[in-house]
Amino acid sequence: MGLFSDNPKHDQRNEMEERLKTDFVTLSSHQLRTPLSAVKWFTEILLTERFGKMNKKQLDYLKEIHRSNERAIALVNDLLQVSRVEEGKLHMDYTKIDMPRLIEEVIDANKSSLQSDNITYNFEIINGPIPPVTGDKIKIRRVIQNVFSNAVKYTQKHGRIDMALKRHEKNVVFSVKDSGVGIPADQQEHIFEKFFRGSNAARIQTDGTGLGLYIARSLIEAHGGKIWFESQEGQGSTFYFSLPIGRKGH
Amino acid sequence: MSKILVIEDEPAIQKAIAEALRGEGFEIETSFDAEEGLNITKMFRPDLILLDLLLPGKNGFEFMNDLKKEPDIANTPIVILSNLGDEEEIKQGMSLGAKDYLIKADYDLQDVVKIVKKYLEN
(Lines give C-alpha, C1' and ligand atoms only; values in the text may rest on other atoms or scores of the structure.)
Protein backbone atom coordinates (compact mmCIF):
# COMPACT_ATOMS: atom_id res chain seq x y z
CA MET A 1 0.00 0.00 0.00
CA GLY A 2 1.38 3.40 -0.96
CA LEU A 3 1.67 6.12 1.61
CA PHE A 4 0.25 8.75 -0.72
CA SER A 5 -2.92 7.03 -1.74
CA ASP A 6 -5.97 8.97 -2.92
CA ASN A 7 -8.16 6.27 -1.50
CA PRO A 8 -9.86 7.53 1.69
CA LYS A 9 -9.84 3.95 3.01
CA HIS A 10 -6.07 3.98 2.95
CA ASP A 11 -5.90 7.35 4.64
CA GLN A 12 -7.94 6.03 7.56
CA ARG A 13 -5.69 3.05 7.95
CA ASN A 14 -2.68 5.27 7.73
CA GLU A 15 -3.76 7.29 10.74
CA MET A 16 -3.22 4.26 12.96
CA GLU A 17 -0.18 3.06 11.03
CA GLU A 18 1.43 6.47 11.11
CA ARG A 19 1.09 6.59 14.86
CA LEU A 20 2.60 3.14 15.08
CA LYS A 21 5.41 4.05 12.72
CA THR A 22 6.66 6.58 15.22
CA ASP A 23 7.02 3.59 17.48
CA PHE A 24 9.27 1.44 15.34
CA VAL A 25 9.55 -1.39 17.84
CA THR A 26 5.80 -1.79 18.28
CA LEU A 27 5.24 -1.88 14.55
CA SER A 28 8.14 -4.26 13.93
CA SER A 29 6.95 -6.63 16.60
CA HIS A 30 3.47 -6.56 15.08
CA GLN A 31 4.85 -7.22 11.61
CA LEU A 32 7.00 -10.09 12.88
CA ARG A 33 4.30 -11.65 15.01
CA THR A 34 1.83 -11.91 12.13
CA PRO A 35 3.72 -14.47 9.99
CA LEU A 36 4.91 -16.21 13.17
CA SER A 37 1.26 -16.59 14.24
CA ALA A 38 0.38 -18.10 10.85
CA VAL A 39 3.23 -20.65 11.13
CA LYS A 40 2.22 -21.44 14.70
CA TRP A 41 -1.46 -21.99 13.94
CA PHE A 42 -1.05 -23.99 10.73
CA THR A 43 1.51 -26.19 12.47
CA GLU A 44 -0.97 -26.75 15.28
CA ILE A 45 -3.70 -27.67 12.79
CA LEU A 46 -1.38 -30.22 11.14
CA LEU A 47 -0.33 -31.62 14.53
CA THR A 48 -3.96 -32.57 15.21
CA GLU A 49 -3.56 -35.00 12.27
CA ARG A 50 -7.09 -34.20 11.19
CA PHE A 51 -6.01 -34.39 7.55
CA GLY A 52 -4.32 -37.75 7.87
CA LYS A 53 -1.95 -39.60 10.13
CA MET A 54 1.74 -38.73 9.94
CA ASN A 55 4.65 -41.04 10.53
CA LYS A 56 6.87 -40.52 13.58
CA LYS A 57 9.53 -38.60 11.71
CA GLN A 58 7.03 -36.23 10.13
CA LEU A 59 5.47 -35.59 13.52
CA ASP A 60 8.87 -35.05 15.16
CA TYR A 61 9.95 -32.56 12.52
CA LEU A 62 6.66 -30.70 12.69
CA LYS A 63 7.09 -30.43 16.46
CA GLU A 64 10.58 -29.02 15.87
CA ILE A 65 9.09 -26.36 13.57
CA HIS A 66 6.53 -25.51 16.24
CA ARG A 67 9.14 -25.35 19.00
CA SER A 68 11.46 -23.12 16.97
CA ASN A 69 8.60 -20.85 16.05
CA GLU A 70 7.55 -20.57 19.70
CA ARG A 71 11.11 -19.55 20.47
CA ALA A 72 11.00 -16.86 17.79
CA ILE A 73 7.74 -15.54 19.28
CA ALA A 74 9.25 -15.50 22.78
CA LEU A 75 12.25 -13.64 21.45
CA VAL A 76 10.10 -10.98 19.76
CA ASN A 77 8.11 -10.55 22.98
CA ASP A 78 11.26 -10.28 25.07
CA LEU A 79 12.93 -7.83 22.68
CA LEU A 80 9.82 -5.66 22.77
CA GLN A 81 9.90 -5.63 26.56
CA VAL A 82 13.65 -4.91 26.65
CA SER A 83 13.20 -2.04 24.26
CA ARG A 84 10.42 -0.59 26.42
CA VAL A 85 12.64 -0.83 29.48
CA GLU A 86 15.67 0.70 27.79
CA GLU A 87 13.82 3.54 26.14
CA GLY A 88 12.27 4.42 29.48
CA LYS A 89 8.85 3.82 27.92
CA LEU A 90 7.55 1.55 30.63
CA HIS A 91 4.01 2.62 31.27
CA MET A 92 3.15 1.68 34.84
CA ASP A 93 -0.44 0.94 35.65
CA TYR A 94 -0.46 0.80 39.44
CA THR A 95 -3.08 -1.21 41.29
CA LYS A 96 -3.20 -3.11 44.57
CA ILE A 97 -1.92 -6.61 43.89
CA ASP A 98 -2.97 -9.69 45.80
CA MET A 99 0.36 -11.52 45.52
CA PRO A 100 -0.75 -14.99 46.72
CA ARG A 101 -3.50 -14.98 44.11
CA LEU A 102 -1.23 -13.76 41.31
CA ILE A 103 1.35 -16.45 42.13
CA GLU A 104 -1.36 -19.14 42.12
CA GLU A 105 -2.49 -17.91 38.70
CA VAL A 106 1.04 -18.27 37.30
CA ILE A 107 1.39 -21.76 38.81
CA ASP A 108 -1.93 -22.76 37.26
CA ALA A 109 -0.87 -21.47 33.85
CA ASN A 110 2.29 -23.63 34.05
CA LYS A 111 0.69 -26.82 35.33
CA SER A 112 1.06 -28.70 32.07
CA SER A 113 4.85 -28.24 31.92
CA LEU A 114 5.14 -29.18 35.62
CA GLN A 115 3.13 -32.33 35.01
CA SER A 116 4.91 -33.32 31.81
CA ASP A 117 8.28 -33.15 33.61
CA ASN A 118 6.92 -34.78 36.79
CA ILE A 119 8.06 -31.85 38.88
CA THR A 120 6.73 -31.73 42.44
CA TYR A 121 5.99 -28.25 43.71
CA ASN A 122 4.83 -26.48 46.82
CA PHE A 123 3.75 -22.91 47.52
CA GLU A 124 3.80 -21.72 51.10
CA ILE A 125 2.76 -18.44 52.70
CA ILE A 126 4.88 -17.50 55.71
CA ASN A 127 3.84 -14.88 58.29
CA GLY A 128 0.53 -14.32 56.49
CA PRO A 129 -1.77 -12.71 55.73
CA ILE A 130 0.28 -10.93 53.09
CA PRO A 131 -0.71 -7.29 52.60
CA PRO A 132 -1.23 -6.11 49.01
CA VAL A 133 1.65 -4.51 47.16
CA THR A 134 1.16 -1.54 44.87
CA GLY A 135 2.40 -2.33 41.40
CA ASP A 136 1.67 -3.01 37.77
CA LYS A 137 -0.03 -6.39 37.79
CA ILE A 138 0.88 -7.40 34.24
CA LYS A 139 4.56 -6.62 34.84
CA ILE A 140 4.73 -8.36 38.21
CA ARG A 141 3.01 -11.37 36.70
CA ARG A 142 5.68 -11.41 34.02
CA VAL A 143 8.44 -11.34 36.66
CA ILE A 144 6.83 -14.25 38.54
CA GLN A 145 6.47 -16.12 35.23
CA ASN A 146 10.10 -15.50 34.23
CA VAL A 147 11.51 -16.62 37.57
CA PHE A 148 9.16 -19.57 37.79
CA SER A 149 9.72 -20.79 34.22
CA ASN A 150 13.48 -20.58 34.78
CA ALA A 151 13.08 -22.90 37.75
CA VAL A 152 11.02 -25.30 35.62
CA LYS A 153 13.55 -25.21 32.76
CA TYR A 154 16.55 -25.91 34.94
CA THR A 155 14.90 -28.52 37.15
CA GLN A 156 15.23 -31.84 35.49
CA LYS A 157 12.48 -34.43 35.37
CA HIS A 158 11.19 -35.64 38.75
CA GLY A 159 12.70 -32.58 40.43
CA ARG A 160 11.18 -30.26 42.99
CA ILE A 161 10.28 -26.56 43.17
CA ASP A 162 9.45 -24.86 46.48
CA MET A 163 7.95 -21.39 46.47
CA ALA A 164 7.40 -19.18 49.47
CA LEU A 165 5.90 -15.77 50.00
CA LYS A 166 6.55 -13.89 53.21
CA ARG A 167 6.37 -10.50 54.77
CA HIS A 168 9.77 -9.16 55.76
CA GLU A 169 9.77 -5.75 57.42
CA LYS A 170 8.27 -3.32 54.88
CA ASN A 171 8.53 -5.73 51.97
CA VAL A 172 6.92 -8.81 50.54
CA VAL A 173 9.53 -11.39 49.51
CA PHE A 174 8.84 -14.19 47.04
CA SER A 175 11.29 -17.06 46.65
CA VAL A 176 11.52 -19.91 44.15
CA LYS A 177 13.85 -22.76 45.07
CA ASP A 178 14.59 -25.40 42.48
CA SER A 179 16.42 -28.70 42.59
CA GLY A 180 18.03 -28.01 39.23
CA VAL A 181 21.55 -27.88 37.86
CA GLY A 182 22.55 -24.71 39.71
CA ILE A 183 24.73 -21.88 38.41
CA PRO A 184 28.54 -22.30 38.28
CA ALA A 185 30.26 -19.85 40.66
CA ASP A 186 32.23 -18.12 37.90
CA GLN A 187 29.05 -17.28 36.00
CA GLN A 188 26.94 -15.99 38.84
CA GLU A 189 27.89 -12.33 38.45
CA HIS A 190 26.58 -12.36 34.86
CA ILE A 191 23.22 -13.95 35.50
CA PHE A 192 21.14 -10.76 35.16
CA GLU A 193 22.99 -9.55 32.08
CA LYS A 194 21.20 -9.23 28.77
CA PHE A 195 21.45 -12.36 26.57
CA PHE A 196 23.57 -14.21 29.14
CA ARG A 197 22.87 -17.92 29.26
CA GLY A 198 24.78 -20.18 31.64
CA SER A 199 26.90 -23.02 30.29
CA ASN A 200 24.39 -25.39 31.92
CA ALA A 201 21.69 -24.09 29.60
CA ALA A 202 23.18 -25.73 26.53
CA ARG A 203 23.81 -28.95 28.42
CA ILE A 204 20.21 -29.43 29.41
CA GLN A 205 18.89 -28.04 26.12
CA THR A 206 16.69 -25.26 27.40
CA ASP A 207 15.39 -22.87 24.81
CA GLY A 208 15.62 -19.59 26.71
CA THR A 209 16.46 -16.27 25.13
CA GLY A 210 18.79 -15.05 27.87
CA LEU A 211 16.50 -12.08 28.47
CA GLY A 212 14.11 -13.36 31.13
CA LEU A 213 16.13 -12.45 34.21
CA TYR A 214 17.32 -9.16 32.70
CA ILE A 215 13.67 -8.19 32.15
CA ALA A 216 12.70 -9.45 35.62
CA ARG A 217 15.37 -7.31 37.28
CA SER A 218 14.42 -4.21 35.26
CA LEU A 219 10.74 -4.59 36.14
CA ILE A 220 11.37 -5.26 39.83
CA GLU A 221 13.72 -2.28 40.11
CA ALA A 222 11.10 -0.09 38.39
CA HIS A 223 8.84 -1.01 41.33
CA GLY A 224 11.47 -0.09 43.91
CA GLY A 225 12.16 -3.75 44.69
CA LYS A 226 15.18 -6.02 44.55
CA ILE A 227 15.96 -9.36 42.94
CA TRP A 228 18.76 -11.74 43.91
CA PHE A 229 19.66 -15.42 44.12
CA GLU A 230 21.66 -18.09 45.89
CA SER A 231 23.02 -21.03 43.95
CA GLN A 232 25.48 -23.85 44.04
CA GLU A 233 26.35 -25.87 41.00
CA GLY A 234 24.68 -29.27 41.10
CA GLN A 235 22.48 -28.31 44.04
CA GLY A 236 19.91 -25.98 42.53
CA SER A 237 19.18 -22.29 42.86
CA THR A 238 16.87 -20.06 44.85
CA PHE A 239 15.71 -16.81 43.30
CA TYR A 240 14.17 -14.08 45.45
CA PHE A 241 12.49 -10.80 44.75
CA SER A 242 11.13 -8.22 47.10
CA LEU A 243 8.48 -5.57 46.57
CA PRO A 244 7.67 -2.72 48.95
CA ILE A 245 4.31 -2.93 50.69
CA GLY A 246 1.73 -0.27 50.02
CA ARG A 247 3.75 2.31 48.13
CA LYS A 248 4.66 2.98 44.56
CA GLY A 249 8.18 2.37 43.35
CA HIS A 250 10.36 4.84 41.50
CA MET B 1 -24.92 -23.90 15.59
CA SER B 2 -23.29 -20.62 16.62
CA LYS B 3 -22.26 -18.13 13.97
CA ILE B 4 -18.92 -16.36 14.05
CA LEU B 5 -17.60 -13.54 11.89
CA VAL B 6 -13.84 -13.28 11.51
CA ILE B 7 -12.62 -9.82 10.47
CA GLU B 8 -8.96 -10.27 9.58
CA ASP B 9 -6.95 -8.89 6.67
CA GLU B 10 -4.10 -11.42 6.71
CA PRO B 11 -5.28 -14.30 4.48
CA ALA B 12 -3.18 -16.98 6.21
CA ILE B 13 -4.39 -16.01 9.67
CA GLN B 14 -7.99 -15.76 8.47
CA LYS B 15 -7.74 -19.20 6.89
CA ALA B 16 -6.25 -20.81 10.02
CA ILE B 17 -8.90 -19.40 12.37
CA ALA B 18 -11.74 -20.26 10.00
CA GLU B 19 -10.38 -23.80 9.62
CA ALA B 20 -10.17 -24.34 13.37
CA LEU B 21 -13.62 -22.91 14.07
CA ARG B 22 -15.30 -24.79 11.21
CA GLY B 23 -13.67 -27.95 12.57
CA GLU B 24 -15.62 -27.31 15.79
CA GLY B 25 -18.87 -27.04 13.87
CA PHE B 26 -19.31 -23.25 13.90
CA GLU B 27 -20.79 -21.41 10.95
CA ILE B 28 -18.16 -18.95 9.77
CA GLU B 29 -18.16 -15.81 7.66
CA THR B 30 -15.01 -13.86 6.96
CA SER B 31 -14.16 -10.32 5.99
CA PHE B 32 -10.91 -8.59 5.11
CA ASP B 33 -11.97 -5.12 6.26
CA ALA B 34 -14.14 -3.24 8.72
CA GLU B 35 -16.69 -1.77 6.33
CA GLU B 36 -17.45 -5.08 4.68
CA GLY B 37 -17.41 -6.61 8.17
CA LEU B 38 -20.16 -4.23 9.29
CA ASN B 39 -22.32 -5.09 6.28
CA ILE B 40 -21.83 -8.81 6.88
CA THR B 41 -22.70 -8.33 10.57
CA LYS B 42 -26.03 -6.74 9.57
CA MET B 43 -26.96 -9.66 7.35
CA PHE B 44 -25.24 -12.64 8.97
CA ARG B 45 -26.06 -11.64 12.58
CA PRO B 46 -23.08 -13.43 14.15
CA ASP B 47 -23.16 -14.59 17.77
CA LEU B 48 -19.58 -13.37 18.14
CA ILE B 49 -17.05 -11.37 16.14
CA LEU B 50 -13.31 -12.06 16.13
CA LEU B 51 -11.78 -8.72 15.26
CA ASP B 52 -8.31 -7.77 14.09
CA LEU B 53 -7.27 -4.16 14.73
CA LEU B 54 -4.92 -3.10 11.98
CA LEU B 55 -7.17 -3.38 8.93
CA PRO B 56 -7.25 -1.73 5.51
CA GLY B 57 -9.53 1.29 5.70
CA LYS B 58 -11.16 1.71 9.07
CA ASN B 59 -9.32 0.05 11.94
CA GLY B 60 -10.83 -2.33 14.47
CA PHE B 61 -11.59 0.40 17.03
CA GLU B 62 -13.49 2.37 14.39
CA PHE B 63 -15.42 -0.78 13.56
CA MET B 64 -16.41 -1.10 17.23
CA ASN B 65 -17.62 2.49 17.29
CA ASP B 66 -19.58 2.00 14.06
CA LEU B 67 -21.16 -1.18 15.42
CA LYS B 68 -22.44 0.71 18.46
CA LYS B 69 -24.42 3.01 16.18
CA GLU B 70 -26.43 0.08 14.82
CA PRO B 71 -29.04 -0.75 17.48
CA ASP B 72 -29.87 -4.21 16.12
CA ILE B 73 -26.31 -5.47 16.24
CA ALA B 74 -24.69 -3.10 18.75
CA ASN B 75 -24.46 -5.77 21.44
CA THR B 76 -22.72 -8.42 19.35
CA PRO B 77 -19.88 -9.75 21.53
CA ILE B 78 -16.41 -8.92 20.19
CA VAL B 79 -13.13 -10.64 20.95
CA ILE B 80 -10.15 -8.68 19.67
CA LEU B 81 -7.49 -10.86 18.09
CA SER B 82 -4.50 -8.73 17.22
CA ASN B 83 -0.74 -8.79 17.26
CA LEU B 84 -0.66 -5.27 18.61
CA GLY B 85 -0.12 -5.83 22.28
CA ASP B 86 0.67 -2.50 23.86
CA GLU B 87 -1.19 -1.63 27.01
CA GLU B 88 -2.62 1.41 25.25
CA GLU B 89 -4.34 -0.73 22.64
CA ILE B 90 -5.51 -3.31 25.18
CA LYS B 91 -7.05 -0.58 27.34
CA GLN B 92 -8.75 1.08 24.40
CA GLY B 93 -10.16 -2.22 23.15
CA MET B 94 -11.51 -3.21 26.54
CA SER B 95 -12.94 0.25 27.19
CA LEU B 96 -14.81 0.05 23.87
CA GLY B 97 -16.52 -3.06 25.21
CA ALA B 98 -14.50 -6.00 23.89
CA LYS B 99 -15.07 -9.22 25.83
CA ASP B 100 -11.39 -10.05 25.59
CA TYR B 101 -8.14 -8.98 23.93
CA LEU B 102 -5.94 -11.78 22.67
CA ILE B 103 -2.47 -11.33 21.22
CA LYS B 104 -2.42 -13.87 18.39
CA ALA B 105 1.16 -15.01 18.74
CA ASP B 106 0.67 -15.74 22.45
CA TYR B 107 -2.28 -18.10 22.03
CA ASP B 108 -2.49 -21.63 20.68
CA LEU B 109 -5.25 -21.93 18.13
CA GLN B 110 -7.06 -24.40 20.39
CA ASP B 111 -6.98 -21.86 23.21
CA VAL B 112 -8.55 -19.25 20.94
CA VAL B 113 -11.30 -21.76 20.15
CA LYS B 114 -11.81 -22.47 23.87
CA ILE B 115 -12.09 -18.76 24.63
CA VAL B 116 -14.60 -18.27 21.80
CA LYS B 117 -16.67 -21.16 23.20
CA LYS B 118 -16.53 -19.65 26.69
CA TYR B 119 -18.00 -16.34 25.50
CA LEU B 120 -20.62 -18.08 23.42
CA GLU B 121 -21.76 -20.11 26.42
CA ASN B 122 -22.17 -16.96 28.54
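The values are calculated or read from the model by the stated rules, or taken from the named source; none is laboratory data. These figures come from a predicted structure and were not determined experimentally. Neighbour counts run over all protein chains shown; Cβ positions are idealised from the backbone, glycine included. Heads up: the accessible areas ignore ligands, DNA and RNA and are worked out on the full protein's heavy atoms, side chains in. Shrake-Rupley method; radii C 1.70, N 1.55, O 1.52, S 1.80 Å.
Of the residues examined, A:THR43 is not one that is among the polar types (S, T, N, Q), within 14 Å of chain B (Cβ to nearest Cβ), open to solvent by less than 30 Å² (accessible area, probe 1.4 Å) and under 23 Å from B:LEU54 (Cβ atoms).
The residue list A:ILE103, A:ILE126, A:ILE138 contains one member that is out of contact with any Gly (no Cβ under 7 Å at 6 or more places or on another chain), within 30 Å of A:LEU36 (Cβ to Cβ), of a type in the set (Val, Ile, Thr) and surrounded by fewer than 20 Cβ atoms within 10 Å (Cβ to Cβ), which is A:ILE138. Residues considered: B:ILE115, B:ILE80. Of these, the only one that is open to solvent by 10 Å² or more (accessible area, probe 1.4 Å) and not hydroxyl-bearing (Ser, Thr, Tyr) is B:ILE115.
Restricting the range A:106-123 to residues that are hydrophobic (A, V, I, L, M, F, W, C) and at pLDDT below 90, the residue that is most open to solvent (accessible area, probe 1.4 Å) is A:ALA109. Just one residue in the set A:ASP162, A:ASP117 is among the charged types (D, E, K, R), touching a helix residue (DSSP H, G or I) at 6+ places or on another chain (Cβ under 9 Å) and in contact (Cβ under 8 Å) with a residue 40 or more places away in the chain; that residue is A:ASP117. Only a single item in (1) facing another protein chain (nearest Cβ under 8 Å); (2) at pLDDT 60 or above; (3) assigned to a helix (DSSP H, G or I) is not met by A:ARG50, and it is number (3). For the range A:223-247, the set of residues classified as closer than 25 Å to A:LEU90 by Cα and part of a loop (DSSP other than H, G, I, E, B) consists of A:HIS223, A:GLY224, A:GLY225, A:GLY246, A:ARG247, listed by residue number.
May I ask you to say which residue of B:ASP72, B:ASP86, B:ASP52 is open to solvent by 20 Å² or more (accessible area, probe 1.4 Å) and in contact (Cβ under 8 Å) with a residue 24 or more places away in the chain? None of the others qualify; the one that does is B:ASP72.
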